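Chemist: Submitted below is the structure of interest, expressed as structure tokens.
The values are calculated or read from the model by the stated rules, or taken from the named source; none is laboratory data. Owing to the predicted nature of the structure, the values given are computational and were not obtained by experimental measurement. As a convention, Cβ positions derive from the backbone with ideal geometry for all residues, glycine included, and neighbour counts pool all protein chains shown. Each accessible area value is taken on the protein alone, full model and side chains, heavy atoms only, with ligands, DNA and RNA left out. Shrake-Rupley method; radii C 1.70, N 1.55, O 1.52, S 1.80 Å.
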Amino acid sequence: MGFNTLVNIPKTKEILQEYPNDVNMSEIDDFLATIGELKEKNIDDAVKAIFEGKLIVCSSTGKYVVVDPIPQELNRSIEPPSNENVLQGSQSSFIEDIDTNIGLIRKEKASEKLCVKSYSLGKRQNKKMALLYLDDKVNKDTLAEIQNQIEKNLKKELHNQQDMSTIMGFSPWLTMAKFRTSELPSEVVNKLFQGRVVLFIDRLPNAFILLGLLWDMFTVENDYNYPYPLMILIRALRVVGLLATLLVPGLYVALVAVNPGVLRIEMALSIAQSRQGVPYPALVEVLLMLIILELILEASVRLPKSIGPTITMVGGIILGQAIVDAKLVSNLLIIILAATTIANFTIVGVQNSLSIRLYKYLIVIFASIYGVFGLLAGIFFIIAYLASLRTFGVSYLNFNVERDVLKGE
């Protein structure tokens, strides 16, 4: 018994027919034990095995054997990464099959210290999860906390990242993810060397790296393929991109609407001239353009790849030119928001860039009320929020996690 959509029946039968046919009924149990795992008749276990893609062979003795069949080819081949570009390094990326992903890690890191522990989660739909770590690198206390958290939630359903956050005990309302996702085996191996713990979930083509820290926004393993001065420069550019994304829209609102006296007279006159004819305050002007940019970015994700970039680029150019000619926003704001949007994507990780895009609205609102002081107050609240985040006892702002925390030194 089995699903022909999961099992290659003809090839599996060919293999089973190679076994001898002249078996006595008294030896049937011994024969069945040679072709698979012999079990007593249990309906629940048999159904579970069938749904996992196994083949059930029953006998008249009241026992059955679970056979590992030749599976149907339901997985795509290993392809270059689609969400994380690699300039110099391996072009392999994870796929939806958990065993293939673990194999990629073992091939990238051939070590007897690499440990893998498997789990099956959920009642209605069993989902496989694998936990990977390097035994000589990981902090044993942190590892024990993660394992206990998983083991006490084995009955919960696991379908997506929100379910995984719930299983790991994270609040679903957090704006910053406490784990980092990656589709690059080389990146995952680098984090394993740092003492991190990696989770794989079957049918999800990503690795979930615990613990997620602020410094992960600025570093990728591929940086080490460059000379040291270039690596430092690239990471510094990412930090500048983060600060520009957060501060520049709020700084425009603060200097135009609240504290124009801070500017040199020439700059103040230039900005006033660019805003001539704009019928509403700087806050409304900035929020209008930010929302339009968010719509363009979301449309670029949802449109087909063949036409998405062309439509969003042409639409953005036409819309930007039209909105300036209609005197709805200033020329300077178009330049500022275009630069801000580009700077946002220098941050490592799609989810991190989304969080930063959310925080800049908070700073814009504070700046519209209190000016430059509100800009500083918004930064203070964001830093205070990030400092309050802890993952299994490790602060989100910890920058030397490998030495100070994960190794317990």
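Chemist: With a 1.4 Å probe and all protein chains left in place, how much of the accessible area of the range 53-138 comes from carbon and sulfur atoms, in whole percent? Working shown, then result.
Modeler: Details: 2090 of 4760 Å².
That fraction is 44 percent.
Chemist: Mind checking the per residue accessible area of the range 332-404 for me, 1.4 Å probe, whole number of Å²? Please list the in-between numbers first.
Modeler: Details: 3520 Å² over 73 residues.
Result: 48 Å² per residue.
Chemist: For K155 and V324, FRET efficiency with R0 = 51 Å and r from the beta-carbon atoms, rounded to 0.05?
Modeler: Values: r = 57 Å, r/R0 = 1.12.
In this case the efficiency is close to 0.35.
Chemist: On to the next question. Using a 10 angstrom cutoff on alpha carbons, build the Gaussian network for the chain and name the most mobile of I292, I15, I209.
Modeler: Looking only at I292, I15, I209, the biggest GNM fluctuation is shown by I15.
Chemist: Right, another one. Compute for the range 59-168: radius of gyration divided by Kirkwood radius, i.e. Rg/Rh, restricted to C-alpha atoms, rounded to two decimals. Don't skip to the end; give the middle numbers.
Modeler: Numbers: Rg = 17.6 Å, Rh = 17.1 Å.
So for the range 59-168, dividing Rg by the Kirkwood Rh gives 1.03.
Chemist: Please give the helix 282-302 orientation as an angle from the longest Cα principal axis of the chain, in degrees from 0 to 90, rounded to the nearest 10.
Modeler: The angle comes out near 30 degrees.
Chemist: Output ³J(HN,Hα) for the range 252-263: one whole-Hz value per residue in order, computed from phi by the Karplus curve 6.51 cos²θ - 1.76 cosθ + 1.60 with θ = phi - 60°, and x for Gly and Pro.
Modeler: 4, 5, 5, 6, 8, 9, 10, 10, x, x, 5, 6
Chemist: For the range 242-299, what % of the accessible area comes from carbon and sulfur atoms, probe 1.4 Å?
Modeler: On the way: 2200 of 3050 Å².
Ligands and nucleic acids excluded, carbon and sulfur give 72 percent.
Chemist: Another question about this same structure. I need the fraction of alpha carbon pairs in the range 252-409 separated by more than 26 Å, rounded to a whole percent.
Modeler: Values: 5154 of 12403 pairs.
Value for the range 252-409 (Cα pairs over 26 Å): 42 percent.
Chemist: How big is the equivalent ellipsoid of the range 1-133 along its three axes, where each semi-axis is √(5λ) from the Cα gyration tensor, reported in whole Å from largest to smallest?
Modeler: Details: eigenvalues 257, 57, 48 Å².
So the equivalent ellipsoid measures 36, 17, 15 Å along its semi-axes.
Chemist: Still on this structure: Out of these labelled values of Cα Rg over 2.2 N^0.38 Å, (1) 1.29; (2) 1.00; (3) 1.47, which was calculated from the coordinates shown here?
Modeler: (1)
Chemist: Compute the accessible area per residue over the range 70-158, keeping the other protein chains in place, probe 1.4 Å, unit Å². Can you show the working numbers first?
Modeler: Numbers: 5220 Å² over 89 residues.
Heavy-atom SASA per residue in the range 70-158 reads 59 Å².
Chemist: Hey, what did the range 56-156 get for relative contact order, percent, Cα under 8 Å, at least 6 apart?
Modeler: Numbers: 81 pairs, mean separation 16.5, N = 101.
That works out to 16 percent.
Chemist: If you don't mind, there's one more thing I want to ask. What distance in nm separates the two pseudo spin-label positions at E40 and L376, each 7 Å out from Cα along the beta-carbon direction?
Modeler: Here the modelled spin labels are 7.5 nm apart.
Chemist: Between beta-carbons, use under 12 Å as the cut-off and find the net charge around P205, counting Lys and Arg +1, Asp and Glu -1. If you can, show how the numbers build up before the last one.
Modeler: On the way: positive: R76, R203; negative: E79, E84, E96, D97, E183, D202.
Its environment carries a net charge of -4.
Chemist: Working out 0.36 nm times the residue gap between K113 and A272, then minus their Cα-Cα distance, what length gain in nm do you get to one decimal?
Modeler: Values: separation 159, 0.36 × 159 = 57.24 nm, distance 6.44 nm.
Computed gain between K113 and A272 is 50.8 nm.
Chemist: Provide the per-residue ³J(HN,Hα) series for the range 4-9, in order, calculated from phi with Karplus coefficients 6.51, -1.76, 1.60 and θ = phi - 60°, each as a whole number of Hz, with x at glycine and proline positions.
Modeler: Per residue, the Karplus-derived 3J(HN,Hα) values read 6, 7, 10, 10, 7, 4 Hz.
Chemist: Here's another thing I want to ask about it. In terms of modelled amide H atoms, which long-range or inter-chain residues lie less than 5 Å from the amide H of T391?
Modeler: Amide H neighbours of T391, under 5 Å, 5+ apart: Y396.
Chemist: Would you mind calculating the relative contact order of the chain from Cα pairs under 8 angstrom and at least 6 residues apart, reporting the percent as a whole number? It would help to have the intermediate numbers written out before the result.
Modeler: Details: 553 pairs, mean separation 61.9, N = 409.
Once divided by the residue count of the chain, the mean separation gives 15 percent.
Chemist: Only helical DSSP H runs with n ≥ 4 go in: add -39500 (n - 2.57) per run for the chain, normalise by residue count and round the 222 nm mean residue ellipticity to 500 deg cm²/dmol. It would help to have the intermediate numbers written out before the result.
Modeler: On the way: 14 runs with 191 residues, N = 409.
Result for the chain: -15000 deg cm²/dmol, rounded to the nearest 500.
Chemist: Tabulate in residue order the Karplus-calculated ³J(HN,Hα) for the range 353-361, using 6.51 cos²θ - 1.76 cosθ + 1.60 with θ = phi - 60°, rounded to whole Hz; enter x for Gly and Pro.
Modeler: So the J values, rounded to whole Hz, are 5, 5, 5, 5, 4, 6, 5, 5, 5.
Chemist: Follow-up. Top mean-square fluctuation among I342, I50, I98, Gaussian network model of the chain, C-alpha springs under 10 Å?
Modeler: I50
Chemist: Whole angstrom only: what separates the Cα centroid of the range 272-318 from the Cα centroid of the range 175-207?
Modeler: 34 Å
Chemist: If I build a Gaussian network model for the chain, linking alpha-carbon pairs within less than 10 angstrom, which residue out of F200, F373, F392 has the largest mean-square fluctuation?
Modeler: Largest GNM mean-square fluctuation: F373.
Chemist: Moving to a separate point now. For Cα pairs less than 8 Å apart in space and 6+ apart in sequence, what is the mean separation divided by the residue count of the range 194-252, i.e. the relative contact order in percent?
Modeler: That works out to 20 percent.
Chemist: Let me ask something else about it. Distance between Cα centroids, the range 320-360 to the range 219-245: provide it in whole Å.
Modeler: 21 Å
Chemist: Tell me the per residue accessible area of the range 174-322 using a 1.4 Å probe; a whole number in Å² is fine. Don't jump to the answer; show the numbers that get you there.
Modeler: Values: 7100 Å² over 149 residues.
Heavy-atom accessible area per residue stands at 48 Å².
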